[in-house]
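This report refers to the structure that appears directly beneath it.
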Amino acid sequence: DDFFQGVEKYPYKAVSRALEIIPRTLIQNCGANVIKQLTVLRAKHHQQADQFSWGIDGETGQIVDMHQFGIWEPIAVKMQ
């Protein structure tokens, strides 16, 4: 959270808020507690920076390791 200082951090915060709509929508559609699940997801990403495969199970709304579900996103997609 403190990696960028001053005005440099605002574009990154804006993008992160925009991208958060994806897990938020999945959680809402599953009927799970949005605030609780988003807080857990943020905590997992923050605490385990080297393990970035946490996501939302689209059927239950629970936080899961997407690699266990066989869902992989190549780095080439993120680099575009």
(request) Compare GLN47, GLN28, GLN37 in a GNM of the chain, Cα atoms joined below 10 Å, and give the one with the largest fluctuation. (result) GLN47
(request) Lys and Arg at +1, Asp and Glu at -1: add these up for the other residues within a Cβ distance under 12 Å of SER53 and post the number. (result) -2
(request) Arrange VAL40, VAL7 by Cβ neighbour counts within 10 Å, fewest through most, would you? (result) VAL7, VAL40
(request) Scale the Cα Rg of the range 6-79 by the rule-of-thumb value 2.2 N^0.38 Å and send over the ratio, two decimals. (result) 1.17
(request) Quickly estimate the mean residue ellipticity at 222 nm for the chain, helices only: each DSSP H run with n ≥ 4 gives -39500 (n - 2.57), and the total goes over all residues, rounded to 500. (result) -14500 deg cm²/dmol
(message) Taking 35 Å as R0, compute the FRET efficiency from the Cβ-Cβ separation of GLU73 and LYS13 and round it to 0.05.
(response) 0.95
(request) Please give the FRET efficiency for GLN28 paired with GLN5, using the beta carbon to beta carbon distance and R0 = 25 Å, rounded to the nearest 0.05. (result) 0.15
(request) Determine the sum of side-chain charges near ASP65: Lys and Arg each +1, Asp and Glu each -1, restricted to other residues whose C-beta is under 12 angstrom from that of ASP65. (result) 0
(message) At a 10 Å Cβ-Cβ cut-off, how would you order ASP65, ASP57, ASP50, fewest neighbours first?
(response) ASP50, ASP65, ASP57
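Values quoted throughout were computed directly from the atomic coordinates according to the rules given, and no laboratory measurement underlies them. As the structure is a prediction and not an experimental result, all values here were calculated from the model. No Cβ is skipped: glycine too gets one built from the backbone with ideal geometry, and neighbour counts run over all protein chains shown.
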